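A.B. asks: Dropping the structure in here first, questions after.
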Amino acid sequence: SLSEDKVWTTVYHDLQMQTSVGGNSLEKSPVLQLNYSATMDQISAITSSAEYCEQFISYSCKMSRLLNTPEGNPYTWWVGKANEKHYYWGGSGPGIQKCACGIERNCTDPKYYCNCDADYKQWRKDTGMLSYKEHLPVSQVVVGDVDRPGSEAKISVGPVRCQGDRNYWNAASFVTSSSYLHFSTFQGETSADISFYFKTSASDGVFLENLGNTDFIKLELKSATEVSFSFDVGNGPVEIVVRSPNQLNDDQWHRVNAERNVKQASLQVDQLPLEVRKAPTEGHTRLELYSQLYVGAAGGQRGFLGCIRSLRMNGVTLDLEERAKVTPGVKPGCSGHCTSYGMYCANGGKCVEKYNGYSCDCSKTAYDGPFCIKDVGAFFEEGMWLRYNFHSPGTSMKDLVSRTLLSSTDAEITAPDLNLNKEELSFSFSTTKSPCVLLYISSYTQDFMAVLVKPSGNLQIRYSLGGTKEPYNIDVDHRNMANGQPHTVNITRNGRDIVLQLDHYPPTSYSLPTASDTQFNSPKALFLGKVIEIGKIDQDIYKYNTPGFTGCLSRVQFNQIAPLKAALRPTNASSHVHIQGELVESNCGASPLTIPPMSAATDPWHLDSASADFPYNGQAIGDGVNRNSAIIGGVIAVVIFTILCTLVFLIRYMFRHKGTYHTNEAKGAESAESADAAIMNNDPNFTETIDESKKEWLI
């Protein structure tokens, strides 16, 4: 069931492939009837609960037209579900009276929308999948144009194939132990087949129960490791228990499958061994129930707390979601893994529920990796540049902006005006060369936006949205950004308000001048590394443009667009990208994940050189002062102790040698700055003490 989404359900019929019609064939009737191996109701149940269905259909023709023209009545049609006639063919869709070649515009005769409609004397064919599942299955094909001499056709119709289960995630959350959903009485007199998935952190609770006078059927979580299936068909109660070696209340999905027929009953949990009980040879076999089916708390018992999904009773999926919407104490859907772990999908990555966990969809981000935290970046050699066109050659401007530049939540910006009232830009970079253009956004008007490194190494953000003579500049003068270190830049504009955040410093707010327009009109392309654009270009940017940016850019994101990622990872957006030079993937511009250490001036716990190499440890802050004095005190005590020991040793030595006096000068004393330093250089005990104190610091 891990591969649940790969399973196809196939229903066959009795029509031979390549059934001939017209010509010398025996089949004179133009109506071909298809009889399926399942009833129409059963097929209908399969198609309606599936995610996707398809049925292959093929018309081979020799002088036999198929649909003719979209205006004229078709020669041939097929009948689908509910006896409706359909005038489209495989590879096409409802309401489009064309074949696949008519949609792909590659028909034998471009005047027609099907190969067969060219009416050639050679064999031609029109084939494709019918995939509008509400119209399937094909029950009849009515062939029209086989009356003329030389006209002949062959029909093939494949089986109906359906994939996926729309009810796979049909779920309800039971919030209190007295919550329940009720459904009509379970009709399982001679056979019962019940399956569902559950997820809970509670250790017990009733999953479902249906009662009769004395007969009943019940499934429950008896303990954190036991699931029980019990029933009575009139011979006394029977209970089957599956014991799991692992806890079942671990907030993960577990599958339960309970079956009962006249011969035996069985219970399976996950992939654990099946527990089977044979039915008694004599006695009752029919399960006679009359009450409603309760899912959750039944008859004052402690109900299940948690989530149940995909509950199937004898092949029918119960719509837990719909019923939960109108039931107090039960919520539709499931909190799922994403509520518990969704926060691990970082940087705007979307959490996607999976059968046995979750995954992060990073497609709308500038990041990669399982949790969308891996920067996607590149090294730019001098003279290299990248252009991202906001619309690909084939799309209209209207499509473009509505799809890419405007995030789906910005409903107030409608596509036709093609102007941005707000934008969000973030990236990180490292370089040692200045001046340069890091990023530039051009437009079909005079509007532009640029992020530059000035000759001084300072960062400048430049906005020109019209209404002012000069562009509006934000200068970050007090920091050299061309120091080879990775720097992160985050710029958000909403109307007139601009917020800039650099590295881990607090965000700073700016405001466009009142004369300035607040709309970025008709954005055209985004450039990285260099601006290659036709028309007039800002004088400074023109100067900074040569020789171009050298260094690293990483995780570049403008609204919903990640241009560097589109260039380095093949996605739908890759067609928008043009690169000059060879783009080499690298994380050299990636911002470090940790906050850089504070400078000595701002760090309240900064120690001088003796202890400068102690690791900065979170817990050291709280008692840093006491810790430091303890260490310094300890060091002084050790030094004094060492000096005393040395003196005692020297005095004894002098007395022993009756007047001969030796100085025991420490080796390396000449180069040492002080007597203390000399002893520290030479005394193994001293270094040990420092090591001890280091260990203590790290505890």
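The values are calculated or read from the model by the stated rules, or taken from the named source; none is laboratory data. All figures in this text were calculated on a predicted structure; none of them were measured in a lab. Quick reminder, even Gly has a Cβ in these numbers, built from the backbone with ideal geometry, and neighbours come from all protein chains shown. The protein model used for the area step is the full one, side chains on, heavy atoms only, and it has no ligands, DNA or RNA in it. Shrake-Rupley method; radii C 1.70, N 1.55, O 1.52, S 1.80 Å.
A.B. asks: Got a number for carbon plus sulfur as a percent of the stretch 8-164's accessible area, 1.4 Å probe?
C.D. replies: The computed percentage sits at 49.
A.B. asks: Would you rank Tyr294, Tyr180, Tyr197 by solvent-accessible area, highest first, keeping every protein chain in place and using a 1.4 Å probe?
C.D. replies: Tyr180, Tyr294, Tyr197
A.B. asks: Can you sort Tyr444, Tyr52 by solvent-accessible area, 1.4 Å probe, largest first?
C.D. replies: These residues rank, largest area first, as Tyr444, Tyr52.
A.B. asks: Turning to a different aspect of this structure: Not counting ligands, DNA or RNA, and with a 1.4 Å probe, what is Ser434's accessible surface area in Å² rounded to the nearest 10?
C.D. replies: 50 Å²
A.B. asks: Rolling a 1.4 angstrom probe over the protein heavy atoms, how many square angstrom per residue are accessible across the stretch 8-164?
C.D. replies: Solvent-accessible surface per residue comes out at 49 Å².
A.B. asks: Strictly over 29 Å apart at the Cα level, which of Lys325/Lys374; Lys81/Lys218; Lys325/Lys364; Lys98/Lys350; Lys374/Lys530; Lys133/Lys263 would you flag in this model?
C.D. replies: Long pairs (Cα-Cα over 29 Å): Lys325/Lys374; Lys81/Lys218; Lys325/Lys364; Lys98/Lys350; Lys133/Lys263.
A.B. asks: If one computes the Cα centroid of the stretch 458-488 and of the stretch 183-257, what distance in Å separates the two points?
C.D. replies: 66 Å
A.B. asks: On the protein heavy atoms, probe 1.4 angstrom, tell me the percent of accessible surface of the stretch 167-332 carried by carbon and sulfur. If you can, show how the numbers build up before the last one.
C.D. replies: Working: 3580 of 7670 Å².
Answer for the stretch 167-332: carbon and sulfur cover 47 percent of the accessible area.
A.B. asks: Still on this structure: So, with +1 on the Cβ of K and R and -1 on the Cβ of D and E, and no other charges, what is the size of the charge dipole of the stretch 8-164 about its Cα centre, to the nearest 20 debye? Could the numbers behind the result be given before it?
C.D. replies: Values: 15 positive and 16 negative charges, 66 e Å.
About 320 debye.
A.B. asks: While we're here: So if each residue of separation counts as 0.36 nm, and I subtract the Cα-Cα distance between Lys325 and Asp361, what length gain in nm does that give?
C.D. replies: 10.1 nm
A.B. asks: Report the FRET efficiency, 1/(1 + (r/R0)^6), for Glu470 and Glu381, where r is their Cβ-Cβ distance and R0 is 41 Å, rounded to 0.05.
C.D. replies: Numbers: r = 33 Å, r/R0 = 0.80.
Working from the Cβ atoms, E equals 0.80.
A.B. asks: At 7 Å along the Cα-to-beta-carbon direction for both Met17 and Lys374, put a label point, then send me their distance in nm to one decimal.
C.D. replies: 4.2 nm
A.B. asks: Relative to the Cα centre, what is the charge dipole magnitude of the stretch 167-332, using +1 at the beta carbon of each Lys and Arg, -1 at the beta carbon of each Asp and Glu, and rounding to the nearest 20 debye? Display every interim value, and only then the final one.
C.D. replies: Numbers: 16 positive and 19 negative charges, 39 e Å.
Roughly 180 debye, rounded to the nearest 20.
A.B. asks: Relative to the Cα centre, what is the charge dipole magnitude of the stretch 96-226, using +1 at the beta carbon of each Lys and Arg, -1 at the beta carbon of each Asp and Glu, and rounding to the nearest 20 debye?
C.D. replies: Working: 14 positive and 17 negative charges, 135 e Å.
Dipole about the Cα centre, nearest 20: 640 debye.
A.B. asks: How high is the FRET efficiency between Thr508 and Asp250 when r is their beta carbon distance and R₀ equals 56 Å, given to the nearest 0.05?
C.D. replies: 0.75
A.B. asks: Please calculate how many Å² of accessible area the stretch 167-332 carries per residue, with a 1.4 Å probe and no DNA, RNA or ligand atoms counted.
C.D. replies: For the stretch 167-332, the per-residue accessible area is 46 Å².
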